[in-house]
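Quick notes on the structure that follows.
The values are calculated or read from the model by the stated rules, or taken from the named source; none is laboratory data. Source: prediction; values computed, not measured. Every residue, glycine as well, gets a Cβ built from its backbone with ideal geometry; the counts of neighbours run over all protein chains shown. Side chains are part of the model used for accessible areas, which takes the heavy atoms of the whole protein and leaves out ligands, DNA and RNA. Shrake-Rupley method; radii C 1.70, N 1.55, O 1.52, S 1.80 Å.
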Amino acid sequence: MAEDILQIETLGEVRRITLNRPDRLNAVDQPMADALLAAFEGLRRDTGARVVILRGAGRAFSAGADLKSAGTPTALRDGPNGDWVLRDVGKAMRACPQPIIALVKGAAAGGGLALALASDIVVAGESAVFHSAFIKIGLSGAELGVGWRLQRTMGISRAREALFTGDPIDAAEAWRTGLVSTVVPDAALDDHGAALAEKMLKAAPDALRITKRTLDAALETGVEAAMEIEERGQMLTIRQMRGR
């Protein structure tokens with residue numbers, strides 16, 4: 001079951017993860033959430049993987065939580081008692097050392113938006129639409145790290161407008177506000193992602209891992225502490241270069 005709804009391909013040093021419920025716009029139910037968590041936790045110790053590509057099958061990235069599965073055995077169990085699996089997936093995505101490239105076409109809504117924003121680089125197809133969705137169904141607009149990331153990406157005013165209203169953000173505005181790195185035709189998404197991963201693989205073996213951890217740590221500190229963290233990262237890479 002997990003192999004069907006989440007496809008993981010080994011493409012040399014790249015791991016390509018595909019959300020594979022196209023008939024449900026890749027909406028996340030409990031089996032998919034469990035599979036995502038296992039995949040990203042496994043990547044933390046996968047020394048053969050250096051870059052990860054995350055995408056959705058069919059015409060959407062992910063429509064978020066599968067609300068239509070409510071009351072069924074596969075319904076997402078995240079609820080009022082906490083310990084949400086989707087929260088843990090986001091944490092595992094940040095903890096895994098490989099840069100994650102999200103290739104987004106169609107809807108990236110609710111939990112799907114959270115998955116995209118937990119990635120390091122977001123590339124949008126022309127059809128991409130980013131939609132927080134939470135407030136539209138009676139929930140808080142800020143969930144699963146979306147508020148944290150959007151305010152740092154788009155700026156406080158624009159991010160809060162999106163989260164308070166639940167209005168969608170199309171690909172053009174996502175690029176203009178810095179939410180995505182670039183916009184390409186939907187048909188070119190896979191090739192663009194592969195080319196981007198290939199560029200990253202030219203880095204020294206540990207350079208990507210150290211850079212990701214350094215960048216994440218810098219987001220939590222002031223500039224002086226960030227400079228110290230960055231210096232230590234460079235010291236590690238210089239030692240490794242001299243050791244070769």
Q) Taking the Cα-to-Cβ direction at Thr72 and at Asp23 and moving 7 Å from each Cα, how far apart do the two end points lie in nm? A) 0.9
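Need one number: % antiparallel among DSSP beta bridges in the chain, to the nearest 5.
Details: 8 of 30 bridges.
For the chain, the DSSP antiparallel bridge percentage is about 25.
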Q.
Tell me the Rg and the Dmax, in Å, that the Cα atoms of segment 96-186 produce.
A. 12.0, 35
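Can you pull the Kirkwood radius for segment 1-72, inverse mean 1/r over Cα pairs, to one decimal in Å?
Working: mean 1/r = 0.0790 Å⁻¹.
Kirkwood hydrodynamic radius for segment 1-72: 12.7 Å.
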**Q.** Rg and Dmax [Cα atoms of segment 82-147; Å; Rg one decimal, Dmax integer]
**A.** 12.1, 36
**Q.** Pairwise Lys count, the chain - Cα closer than 28 Å, eight or more residues apart or different chains
**A.** 14
Q | P(r), alpha carbons of the chain - 10 Å bins starting at zero, rounded % | A | 7, 31, 37, 19, 5, 0
Q. Tell me, what is the 1.4 Å probe accessible area of Ile156, in Å² to the nearest 10?
A. 100
Q: Please check which bits of segment 132-147 a label hung off Arg94 would reach, taking the label as a point 7 Å along Cα-to-C-beta and the cut-off as backbone N under 14 Å.
A: 143-147
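For segment 1-41, what is one quarter of the convex hull surface built on the Cα atoms, given in nm²?
Numbers: hull surface 11.6 nm².
Across all orientations, segment 1-41 yields a mean hull projection of 2.9 nm².
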